[in-house]
Structure formats: C-alpha cells, structure tokens
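Participant: Once you've had a glance at the structure underneath, I'll fire off some questions.
The values are calculated or read from the model by the stated rules, or taken from the named source; none is laboratory data. Being a predicted model, the structure only gives us computed values, none of them experimental. Quick reminder, even Gly has a Cβ in these numbers, built from the backbone with ideal geometry, and neighbours come from all protein chains shown. For accessibility, only protein heavy atoms count, side chains too; no ligands or nucleic acids. Shrake-Rupley method; radii C 1.70, N 1.55, O 1.52, S 1.80 Å.
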Amino acid sequence: MYKRQIDTLDNFGKYESLNPLFKEVAEFLNANDLNALEEGKHPIKGDDLFVNVTTAKGKTPEEAVMETHKKMIDIQIPLSVPETYGYTPLCSLPEADYNEAKDITKMPGVAADSYVTCQPGMFAIFFPQDGHAPCISQNQEIKKAIFKVLA
C-alpha cells in the first residue's frame, strides 16, 4: 500500500510508477499553467483522470472535514497560498457513510493524527487508504488544483 506523498511539482515525474495515469498528470503539468486555467473541471482522460480548479474557503483544523475516497486518488496542489492537510490512515478512522456517486466518505468532527503543509509549487498525494482533511489555512481563500486519478 502506498502512503501519502508530499513533494515539489518539479519532482512529480518521479512518482509516475505509482499509478499508470500519473504519467498523464506529469504531461498535463508540463503542458499547462495551473494558475491560468479557468475554475471548474478539466477532463484529461474521461472520468479516470481530470483536474478540478477551485477556490476553497480556508478552515481551521477543527473546521476541516476528514474525507476518504474509494475509487480515486487525490493530488492536491495549492496555487495561491500554503495549504495544510490533516492526515489519518483509513484503518484508524471510524465507520461512516460512503457516497458512491461522489466517491467520498466525510467524517466531520474527526481530528487528524498529523498535519502536513504544502506551499504553492508543491503537491500532496492521498491514496484511498489515506484519510485527509484539506483546506486548512489562515488565509480566507485557497486557489487550488485537485487532480482526481483512478486508483
């Protein structure tokens, strides 16, 4: 099982062996300026690989909601300001209802075991076994890109 990863975008190509679609993520990153993309969903390979560009509300660690995904891997990339992510392995999380249509299980009120912060120019990868609480920031808004990759 893979564990969450954090690194700079310059090194993303080193992660291509982790998933067959990561090579296409690397190609997309090399060919596109994420900051120049319009907000919304940008398909890359149908429902198997796409990127969402969004502006999220910054939250405190207590406000951030722990989530997991069963089908997709998240590659979270802050674009405007640093973003902190809470992390707890799935095996340590309580049972919660899974929304199959949105591929998400949300666990509000669950505190993270640890935290990691990405600066713009960095990324964090969260696999299906990684519970993560995104959008933690002292800033009111975080412009970010989230690649969704079929696990």
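Participant: Name the single residue, out of those in the stretch 114-150 being among the small types (Gly, Ala, Ser) and more than 13 Å from the chain's Cα centre (by Cα), that is nearest to residue 98 (Cα to Cα).
Facilitator: The extreme case among them is 114.
Participant: Ok, one more. Scan 83, 27 and give me the residue that is surrounded by 11 or more Cβ atoms within 10 Å (Cβ to Cβ) and within 17 Å of the chain's Cα centre (by Cα).
Facilitator: Sole residue among the options that is surrounded by 11 or more Cβ atoms within 10 Å (Cβ to Cβ) and within 17 Å of the chain's Cα centre (by Cα): 83.
Participant: Still on this structure, I have one more. Among the numbered conditions (1) surrounded by fewer than 20 Cβ atoms within 10 Å (Cβ to Cβ); (2) without any contact (Cβ under 8 Å) to a residue 24 or more places away in the chain; (3) in contact with a helix residue (DSSP H, G or I) (Cβ under 8 Å, 6 or more places away or on another chain), tell me where residue 53 comes up short.
Facilitator: Residue 53 satisfies every listed condition except (2).
Participant: Looking at the stretch 1-14 only, could you name the residues that are over 15 Å from the mean Cα position of the chain (by Cα), open to solvent by less than 60 Å² (accessible area, probe 1.4 Å) and not polar (S, T, N, Q)?
Facilitator: 13
Participant: Could you look through the stretch 1-47, keep only residues that are of a type outside the set (D, E, K, R) and part of a loop (DSSP other than H, G, I, E, B), and pick out the one that is modelled with the lowest pLDDT?
Facilitator: 1
Participant: Also, quick follow-up: Among 59, 106, which is surrounded by 14 or more Cβ atoms within 10 Å (Cβ to Cβ), among the basic types (Lys, Arg), touching a residue at least 24 places away in the same chain (Cβ under 8 Å) and touching a Pro at 6+ places or on another chain (Cβ under 9 Å)?
Facilitator: 59
Participant: Does residue 126 satisfy being surrounded by 14 or more Cβ atoms within 10 Å (Cβ to Cβ), more than 22 Å from residue 38 (Cα to Cα) and either modelled with pLDDT under 95 or in contact with a strand residue (DSSP E or B) (Cβ under 6 Å, 6 or more places away or on another chain) (or both)?
Facilitator: yes
Participant: Any chance the stretch 129-145 includes a residue that's under 17 Å from residue 71 (Cα atoms), open to solvent by less than 10 Å² (accessible area, probe 1.4 Å), touching a strand residue (DSSP E or B) at 6+ places or on another chain (Cβ under 6 Å) and among the aliphatic types (A, V, I, L, M)?
Facilitator: no
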